[in-house]
Amino acid sequence: MARYIGPKTRIARKFDDPIYGPDKWFEKRKFPPGQHGINKRRGKMSVYAVQLREKQKAKFTYGLLERQFYNLYEKASKTKGVTGELLLKFLESRLDNVVYRLGIAPTRAAARQYVSHKHIVVNGDVVNIPSFLLKAGDIVGVREKSKSLQVISESLTSARYSKFSWLEWDGSLMAGKFLNVPERSEIPENINEQLIVELYSK
């Protein structure tokens with residue numbers, strides 16, 4: 001399946017936000033990418049351009065393709081509640097995102113690969129679908145024969161991962177519990193979901 005595999009710092013600079021996490025190169029070059037990025041005078045963006053930019057930013061942040069992202073929006077729009085907030089909650093409930101949030105993988109791209117390569121189990125069963133939506137109470141862990149993988153061990157021992165109130169990690173079992181779907185105020189991503197809703201509502 002097609003995925004963006006190009007320079008991540010370039011994308012972060014495009015959105016003026018380190019969407020892939022701490023990035024020393026982003027900090028050094030906080031201006032738009034391109035030959036004239038640092039000097040180019042940019043005119044005022046149209047409303048549509050602002051909305052499109054926010055949607056693209058969310059897509060790149062969570063590593064989804066256009067069709068996947070739109071399908072989640074459709075699901076959110078048909079569910080009772082605030083559409084924009086529901087969209088972010090669905091994104092946070094994806095298996096690949098939770099594997100990343102738990103610290104099993106250093107990036108969402110790596111988390112997606114771990115899931116696809118059958119290194120991850122949900123409630124004791126191997127699940128190799130990154131888009132699998134978790135429910136409150138689900139247990140996400142590392143498959144028994146994958147617990148010795150160095151990349152996973154290194155990721156789990158990294159100190160840069162913070163704890164999230166909707167997740168509970170058990171280091172001895174190398175498994176975490178998805179306690180509940182997070183509230184919008186608990187989701188740390190700098191995304192204006194209302195702009196995305198306005199874009200798709202046209």
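Structure summary
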read-out	value
Candidate set from the range 45-60 (those that are part of a helix (DSSP H, G or I) and among the polar types (S, T, N, Q)); member that is farthest from the chain's Cα centre (by Cα)	51
Residues located in the range 35-59, provided they are of a type in the set (A, V, I, L, M, F, W, C) and modelled with pLDDT of 55 or more	45, 47, 49, 50, 52, 58
Filter result for residue 186 (acidic (Asp, Glu) and surrounded by 11 or more Cβ atoms within 10 Å (Cβ to Cβ))	yes
Single condition residue 137 does not satisfy, out of (1) outside the structural domain of residue 194 (by TED's automatic domain parsing); (2) touching a Phe, Trp or Tyr at 6+ places or on another chain (Cβ under 6 Å); (3) not hydroxyl-bearing (Ser, Thr, Tyr)	(2)
Per-region count, the range 60-101, residues at pLDDT 95 or above, among the hydroxyl-bearing types (Ser, Thr, Tyr) and touching a Ser or Thr at 6+ places or on another chain (Cβ under 8 Å)	3
Enumerated helices (runs of 4 or more DSSP H) restricted to the range 74-182, each holding at least 3 residues that are surrounded by fewer than 14 Cβ atoms within 10 Å (Cβ to Cβ)	150-157
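The values are calculated or read from the model by the stated rules, or taken from the named source; none is laboratory data. Predicted model, so just to flag it, every value in this text is computed and none were measured. So basically every Cβ, Gly included, is an ideal-geometry build from the backbone, and we count neighbours across all protein chains shown.
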